[in-house]
1. Roll a 1.4 Å probe over the protein chains and send me the accessible area per residue for region 11-117 in Å².
2. Just the number, please: carbon plus sulfur as a percent of the accessible area of region 23-68, 1.4 Å probe, no ligands or DNA/RNA counted.
3. Quickly work out the residue 5-to-residue 106 label distance, labels modelled 7 Å from Cα along the C-beta direction, and quote it in nm with one decimal.
4. Could you give me the ³J(HN,Hα) list for region 71-78, computed from phi with Karplus coefficients 6.51, -1.76, 1.60 and θ = phi - 60°, whole Hz, x at Gly and Pro?
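The values are calculated or read from the model by the stated rules, or taken from the named source; none is laboratory data. Every value quoted in this text rests on a predicted model; they were computed, and no experiment measured them. Because the Cβ atoms are built from the backbone with ideal geometry, glycine has one as well, and the counts that use them run over all protein chains shown. Heads up: the accessible areas ignore ligands, DNA and RNA and are worked out on the full protein's heavy atoms, side chains in. Shrake-Rupley method; radii C 1.70, N 1.55, O 1.52, S 1.80 Å.
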Amino acid sequence: MSIEEKRDQLMEELMPFEDHLERFTYIIDRAKSIDPLPEDCKIETFLIKGCVSQLWVFPQFKEGRCQFQADSEASITKGTAGLLCELYSDETPEDIVRMEPDFLADVGITQHLSPNRRNGLTGVREKIKAYAQMQLDLASWIYPTGLFSYDYIIYLISKNVNNKLIKQQIIHFLLEIIIFISVEKLSYYFDNWM
């Protein structure tokens, strides 16, 4: 399913409610089905700034696609952030950067949020977009050239040093780089030896 089809499906789910209170009740009910984040993922790095209630968005990148999971102490916040996470999860970084979540206004959600909750929703979109852009930058920076920067690795480690899941992602990332460079070097030597 394309990101446009997912957007259309979410709109079809949310449009039938004529009253915004019914729509928010539905969003709150959806929030109850979203798994909570593990406590070690509820750290400052994943916290969304500008939201009244605490809201975390945990990103992951697997097999060329981004995944996002939201959690909050407030059901309405978790539910609205969950809509964005659902839209953008399992999508390529290119599609995530390209697609704005305008459908939330089209179905009458953003108009009925408090200014603080709207700021939080904007923060979720910015965080998701920044993560996708980082993946694009990283892919264009490392893989075509076979080069990497120690500064970037140090940046990753310094930002996430206390989180076990992030440490695992960093180790996975470093192993990918080592394997990529090793394959490139082996290919180079093989080509030159023959």
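1. On the way: 5310 Å² over 107 residues.
The answer is 50 Å² per residue.
2. Percent of accessible area from carbon and sulfur atoms in region 23-68: 53.
3. About 1.7 nm separates the two model spin labels.
4. 8, 7, 6, 9, 4, 5, 5, 4
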